[in-house]
Amino acid sequence: MANLTMQQKKEWAKQLILRDNLTQKEAAEKVQVSAVTMNKWYKDGEWEKLKQSMLITREAQLSRLYMQLDELNAAIMTRPEGERFANSKEIDAIAKYTSSIRSLESEANIADVYEVSKRVLNYVRIYHADKAIELAAIFDDFIKDLLKR
């Protein structure tokens, strides 16, 4: 395993638990930390709550953001002609909504990369188990490299 910092190991473990549903013990073994360390990260980071919140899919989050942005714009348009412009609070809200939407639509984070890697490996295992082992090592190295950035 490449020399990862504890912070990088923590982030990787978090993704393993939240996205791949590994147990604390399995994640601890994978990232090579003690069970005590893993338990501390889990409790301190409130990963159980995060796990529950991840049930809301990216698509659902995007849908809600679009709906909220649409309602804000609709409220602005109900004003009399000549007054249909956003005030400073509304401008700030619009900027935040559009930034969040852009981020959700375009950025591939570590969790996304991990999820795609997992799916590809599951597919390759069906037809080429030996190549899946090689590919798993490559994906692991790739994810570790992303964590360093």
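Observations, loosely collected:
- In Å², nearest 10: area of residue 19 left accessible to a 1.4 Å probe: 80 Å²
- In terms of its Cα atoms, the chain spans 67, 38, 26 Å along the principal axes, sorted from long to short.
- Lysine pairs with alpha-carbon atoms under 22 Å apart, segment 1-106, spacing 8 or more or separate chains: 28
- For residue 31, the shell of other residues with beta-carbons less than 9 Å away shows a net charge of +2, using +1 for Lys and Arg and -1 for Asp and Glu.
- Loop-located GluC sites (Glu not before Pro) in segment 1-88 (DSSP state other than H, G, I, E, B) with a sparse environment of at most 11 neighbouring Cβ atoms within 10 Å: 46, 81, 83.
- Accessible surface computed residue by residue for the chain, with neighbouring protein chains in place and a 1.4 Å probe, gives 69 Å² per residue.
- Solvent exposure, largest accessible area first (probe 1.4 Å, DNA, RNA and ligands not counted), of 66, 127, 42: 127, 66, 42
- Summing Cβ point charges (Lys, Arg +1; Asp, Glu -1) relative to the Cα centre of segment 60-140 gives a dipole of roughly 120 debye.
The values are calculated or read from the model by the stated rules, or taken from the named source; none is laboratory data. Treat the numbers as computed from the prediction; the structure is a model and nothing was measured. Neighbour counts are summed over all protein chains in view; Cβ atoms, including those assigned to glycine, are modelled from backbone coordinates with ideal geometry. Keep in mind that these areas ignore ligands, DNA and RNA; they rest on the heavy atoms of the full protein, side chains included. Shrake-Rupley method; radii C 1.70, N 1.55, O 1.52, S 1.80 Å.
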